[in-house]
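One structure below.
The values are calculated or read from the model by the stated rules, or taken from the named source; none is laboratory data. From a predicted model like this one, the values you see are computed outputs, not experimental measurements. When we count neighbours, we look across all protein chains shown, and the Cβ atoms used for this are built from the backbone with ideal geometry, even at glycine.
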């Protein structure tokens, strides 16, 4: 039987699409007037529509959408149903207010409008109880091993992943995410895009469990909060010499 080695290349993008920019070019923002104007308009819509605060003040949701060249928007479906369920009020608030906003600003390259992904942190408790002029949530995502560079997680994942269990030739991509709790614990791993091989996906879970003690939780305005950590793995099996 031929022996194969598994090479894992870690790419941390939660949204992919042909001819879609995964982030805005430097110095460009997805909303006219910048992020502060986005939150100002969001707050005014809350007041105009008499929207209600969330019962759970800890709800937090990252709205992800695509701003189209004609300044319309398309929502990106959230593959993690548990995150949506646990933050349903924040999720609903993010989408409802986005529908009424008129300041969407398409990304441009060489003067040509492009489709581009935009992301906004929605923390309803702040919007209802801590909104002020030039409001912008002070947010830090969960980090691995006190390192803002996610490649640190990727390198350790490659080291700990038990690739000796697998000996087939293939190229594939899997995507997953899990919650880093405000206590720094890892829970609720969801394979948002499976490898198609059950044992491989289980080994991903095992590897995440091994690395789970090394996470620092996300914060918003200095307060630790539960938040998701997303990753993509491109797997390539190749023949060893």
Strands (runs of 3 or more DSSP E) fully within segment 178-238 counting 1 or more residues that are surrounded by 16 or more Cβ atoms within 10 Å (Cβ to Cβ), at pLDDT below 90 and under 19 Å from the mean Cα position of the chain (by Cα): 186-193
Output the residue which, of all residues in segment 154-173 that are in contact with a helix residue (DSSP H, G or I) (Cβ under 7 Å, 6 or more places away or on another chain) and modelled with pLDDT of 70 or more, is surrounded by the most Cβ atoms within 10 Å (Cβ to Cβ). 161
Conditions: (1) in contact with a strand residue (DSSP E or B) (Cβ under 6 Å, 6 or more places away or on another chain); (2) closer than 28 Å to residue 43 by Cα; (3) in contact (Cβ under 8 Å) with a residue 60 or more places away in the chain. Residue 158 meets all but one. Number of the miss? (2)
Name, by its number, the condition in (1) in contact with a strand residue (DSSP E or B) (Cβ under 9 Å, 6 or more places away or on another chain); (2) within 22 Å of residue 49 (Cα to Cα) that does not hold for residue 144. (2)
Hits in segment 135-153 - residues which are at pLDDT below 80 and either in a loop (DSSP other than H, G, I, E, B) or touching a helix residue (DSSP H, G or I) at 6+ places or on another chain (Cβ under 7 Å) (or both): 146, 148, 149, 150
